[in-house]
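The values are calculated or read from the model by the stated rules, or taken from the named source; none is laboratory data. Just so it is clear, the structure is predicted and the values come from calculations on it, not from any experiment. FYI the Cβ positions are ideal-geometry reconstructions off the backbone, even for glycines, and counts take in every protein chain you see.
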Amino acid sequence: MSFTTLISVAELQALQQRGAPLVVFDCSCDLMKPEIGPAQYAESHIAGALYAHLDNNLSAKGDPAVTGALSGGRHPLPSRGKFAAWLSSIGVHNTDQVVVYDRQGANYCGRLWWMLKWLGHAHVAVLDGGFQAWQAAGGAVHRGDEPARAPTTFAVADPLVALRSSDQVLAHLGQPTQHVLDARGAPRFRGEVEPIDPVAGHIPGALNRVFSSNLGADGFFKPAEVLRTEFEALLGSRQPGHVVHHCGSGVSAVPNILAMEIAGLHGSALFAGSWSEWCNRPDCPVAQG
């Protein structure tokens, strides 16, 4: 059995106990203080887990060779080949079940979940409840670095998820085959505040669903039937396959994608450049309110 959306602590422990081909990633992060994620990992992480750095491993931040090609914004995607090369260098096999987690309500680990799907790797799941759930269950933890794994050759396959560029979103703006869903907080969506980007507001016609809405008060994803009811209430008659998700920089939009998949609402896309790319293009319109 493989896990493709969520995995529970008990299910992960069962995989470990039977020695299944498995790679676990800690993706803990703080956008405003990048040093915090690595420090949290060094202090304590799931025993055997590797660390995935948002800026260094899961984006092409500061790399002019790729910025703007696949996506722009603060966390542009690396090429699929470059990302696969990193996976190869740290010993990930195409046959591995990958499990990703963080300490921030699945805000950051979803990025790695989506990127592996983008490489055609189906067997990747988010640890429901994150590191907090692992600790609460008495799961084994480790401090410091993990032993290096032998390098592999990770093969790229056809994408299992859809990616949209700012050109594509702009070209289909206002059309019935595209519905933009913004995962940022409501004040940022309305344009009342903008703590990071140079322009406040949202893409005209966009709907707003804050990424944290997918979790219950206990830190776990809401049941599939609850998520489905909530998304259907928001989307109305709009088709799931016409939904394009975005946020500030293509990271916190992914929990909405994952939640739709859990709910059985398949086929939505990611605008990875998100607001940080959109608002820096003078030809892209902005709405407020």
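Can we say Ala52 is crowded, with 19+ Cβ neighbours inside 10 Å, touching a residue at least 60 places away in the same chain (Cβ under 8 Å), touching a strand residue (DSSP E or B) at 6+ places or on another chain (Cβ under 7 Å) and under 26 Å from Glu261 (Cβ atoms)? When the stated conditions are applied, Ala52 passes them. Among residues of segment 25-49 that are more than 24 Å from His123 (Cβ to Cβ) and modelled with pLDDT of 95 or more, those with a Cβ under 6 angstrom from a residue that is among the polar types (S, T, N, Q) and assigned to a loop (DSSP other than H, G, I, E, B), sequence gap 6+ or separate chain, pair up as Gly37/Ser28; Gln40/Ser28.
Looking only at residues of segment 51-77 that are within 17 Å of the chain's Cα centre (by Cα) and of a type in the set (A, V, I, L, M, F, W, C), we find that the one that is modelled with the lowest pLDDT is Leu70. The set of residues in segment 29-45 being in contact with an Asp or Glu (Cβ under 7 Å, 6 or more places away or on another chain) and either closer than 17 Å to Gly139 by Cα or not small (Gly, Ala, Ser) (or both) consists of Cys29, Pro34, Ile36, Tyr41, His45. Taken over segment 222-266, the criterion of being in a loop (DSSP other than H, G, I, E, B) and either surrounded by fewer than 21 Cβ atoms within 10 Å (Cβ to Cβ) or aliphatic (A, V, I, L, M) (or both) is satisfied by Lys222, Pro223, Gly236, Ser237, Arg238, Gln239, Val251, Ala253, Ala263, Gly264, Leu265, His266. For Tyr41, the requirement of being surrounded by 23 or more Cβ atoms within 10 Å (Cβ to Cβ), hydroxyl-bearing (Ser, Thr, Tyr), within 22 Å of Arg149 (Cα to Cα) and more than 18 Å from the chain's Cα centre (by Cα) is met.
For the residues Gly273, Gly219, the requirement of being at pLDDT 95 or above, of a type outside the set (Phe, Trp, Tyr) and crowded, with 17+ Cβ neighbours inside 10 Å singles out Gly273. Residues of segment 67-120 that are aliphatic (A, V, I, L, M), buried (at least 20 other Cβ atoms within 10 Å of the Cβ) and within 16 Å of Ala162 (Cα to Cα): Leu77, Leu112, Met115, Leu116, Leu119.
Residue selection: Pro21 satisfies the criterion of being farther than 30 Å from Asp197 by Cα and either surrounded by fewer than 19 Cβ atoms within 10 Å (Cβ to Cβ) or touching a strand residue (DSSP E or B) at 6+ places or on another chain (Cβ under 7 Å) (or both). Of all residues in segment 267-283, those satisfying the criterion of being assigned to a loop (DSSP other than H, G, I, E, B) and either of a type in the set (A, V, I, L, M) or farther than 13 Å from His245 by Cβ (or both) are Ala272, Cys279, Asn280, Arg281, Pro282, Asp283. Give segment 250-285 a look and list any residue that's more than 17 Å from Val210 (Cα to Cα), hydrophobic (A, V, I, L, M, F, W, C) and touching a strand residue (DSSP E or B) at 6+ places or on another chain (Cβ under 9 Å), or say none. Selection gives Leu265, Trp278.
Only one of the listed residues (Gly205, Gly219, Gly174) is touching a strand residue (DSSP E or B) at 6+ places or on another chain (Cβ under 9 Å) and at positive phi. That residue is Gly205.
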